[in-house]
Amino acid sequence: MTIDELRAKAAERQQTCTQIKKMIVSRLDLEIEPDWITDDQPLFGRGLELDSLDVLELYVAIEAEFGVALYDSEMAVFGSVSRLADEVNPQLKAAA
Amino acid sequence: MTTVLAHAHPGDTVYGQVGDASVPLRFAGLSAEYQVLRDRAAVLDLSGHRLIEISGPAAVDFAQRLLARDVEYLTSERCMMSLVLDDAGQVVDQVLAFGRENGLLLESSVGAGTRLIEHLRANNDEGVEITDRSGDLTVLGLEGPYAWGVVGRLIDGELASLPFEAVSDTVWNDVEIIFARTGFTGEYGYQMIVPIESAADLWRAALEHVAAAGQEALELAMLEVRQPIPRLETAGGVNVIEIGANWLVDVTKDEFVGKEAVLAAFESGQGRRTVGFSGGDTVPEPGARVLAGGEDVGEVVLAVRSVGLGATLGLARVDAELAAAGLEFTVEGVDVTTLTSPYIVPKSWSIPII
């Protein structure tokens with residue numbers, strides 16, 4: 001791949017990650033800018049410190065925003081924003 | 001600083017100097033220790049973590065100013081991981097802060113105690129008491145998907161289900177210890193702060209239930225879940241944003257040392273970003289160049305042989321526009337792929353405490 005193709009591929013993932021971060025901040029009413037959350041940041045326990053109630057909120061938000069139902073998914077999909085991006089935008093995983 | 005548990009370790013333990021501490025790197029071999037940590041539970045000698053007591057009327061104000069996260073209401077039943085920054089926003093250390101009746105107890109990262117205590121003393125505008133407690137207290141850890149079971153057999157099953165970052169002052173074998181639910185590896189994790197004279201007894205008691213894991217296995221498991229390893233990730237004058245440790249900084253706090261510099265770095269959008277990568281059989285050295293489409297776009301921060309992945313696993317710091325998973329880079333002529341974190345999913349995420 002050329003560097004321009006790599007940049008385009010990275011931009012697609014970063015765009016999805018940004019969309020997820022905005023959704024998290026909005027839905028959970030966090031007092032931070034979405035970009036303060038990093039793509040690799042853990043979401044549960046350490047990291048963003050989400051709890052099980054937050055997860056329920058995110059399930060609903062993800063379905064509304066991306067049309068993807070994650071209710072039966074393993075907790076690993078919430079391992080990071082980037083991991084979540086793979087789930088809500090399967091093209092990212094397919095292209096990896 | 002030599003580990004206070006050296007006399008309790010096997011004779012063939014391999015030690016290494018990490019910052020100001022001599023720590024056990026390996027006991028039975030990296031692969032075996034890693035498997036124990038990821039599949040069952042391991043006991044950890046964390047005596048290379050310095051314990052520093054902050055006390056006096058202004059202790060909380062001092063800690064609130066020096067730590068990058070909000071510790072104003074940190075009770076004696078809670079602990080919290082936070083970065084400590086200098087005025088330039090660079091990482092002095094990553095600490096675990098325990099709320100105490102008379103102030104706080106700070107646990108440094110491995111081998112960073114001297115640097116941390118010097119920084120605290122140099123910034124002691126409030127006139128608090130800063131006491132190095134490493135002469136009388138030390139730290140043992142338990143981590144693994146079944147560490148909770150070990151807690152039950154070793155101390156008290158009730159403690160195993162403490163919430164994350166909860167702390168309990170308890171008694172083991174007639175000795176007062178501070179017990180905390182913590183964790184560095186994504187697995188169930190616990191720490192026990194224990195008087196030095198009882199540490200070897202607790203270590204041996206733990207070994208009746210689990211095997212020991214050394215610093216190499218611990219740091220590999222930390223890397224796999226993108227838990228920052230300060231001693232390996234903060235060299236070269238990089239800032240918090242470049243490291244990707246934003247979550248250890250609370251920018252909603254009114255004030256703390258380094259805040260202005262961190263915000264300036266964040267708002268500028270400049271600098272590089274850190275991303276994980278895997279691939280190849282060789283382990284590149286820190287500083288090895290990272291190429292994308294033939295262009296130099298960054299460098300390797302650290303790399304190891306991952307037992308879990310069966311391949312090289314590392315972190316690279318690259319141009320921000322290329323800091324994303326799923327990209328093909330080249331490092332020292334070897335093709336590598338950038339990864340989505342966590343690089344290994346901890347077994348604890350699918351095993352409930354029962």
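Things worth noting here:
- Taken over segment B:160-179, the residue count meeting the criterion of being under 17 Å from residue B:198 (Cβ atoms) and either touching a Lys or Arg at 6+ places or on another chain (Cβ under 7 Å) or among the aliphatic types (A, V, I, L, M) (or both) is 4.
- Looking across segment B:37-67, just one residue is among the polar types (S, T, N, Q) and buried (at least 24 other Cβ atoms within 10 Å of the Cβ), and that is B:47.
- Test result for residue A:74, more than 7 Å from chain B (Cβ to nearest Cβ) and more than 11 Å from the chain's Cα centre (by Cα): no
- Qualifying residue in segment B:181-189 (condition: of a type outside the set (D, E, K, R), away from chain A (no Cβ under 14 Å) and closer than 22 Å to residue B:106 by Cα): no
- Some residue of segment B:145-166 being in contact (Cβ under 8 Å) with a residue 12 or more places away in the chain, part of a strand (DSSP E or B) and not aromatic (Phe, Trp, Tyr): yes
- Any pair with Cβ under 7 angstrom, 6 or more apart, that starts in segment B:332-354 at a residue that is at positive phi and ends at one that is part of a loop (DSSP other than H, G, I, E, B) and surrounded by 15 or more Cβ atoms within 10 Å (Cβ to Cβ): B:332/B:284; B:332/B:288
- Flag set for residue B:76, criterion: outside any strand (DSSP E or B), in contact with a strand residue (DSSP E or B) (Cβ under 6 Å, 6 or more places away or on another chain) and either surrounded by fewer than 24 Cβ atoms within 10 Å (Cβ to Cβ) or not hydrophobic (A, V, I, L, M, F, W, C) (or both).
- Scanning segment A:12-33 for residues that are facing another protein chain (nearest Cβ under 7 Å), free of Cβ contacts under 8 Å to residues at least 24 places away in the same chain and touching a helix residue (DSSP H, G or I) at 6+ places or on another chain (Cβ under 8 Å) yields a total of 1.
Every number in this text was worked out from the coordinates using simple rules, so none of it is lab data. What you see is a predicted model; the values in this text were computed from it and never measured. We place every Cβ from the backbone using ideal geometry, glycine too, and count neighbours over all the protein chains shown.
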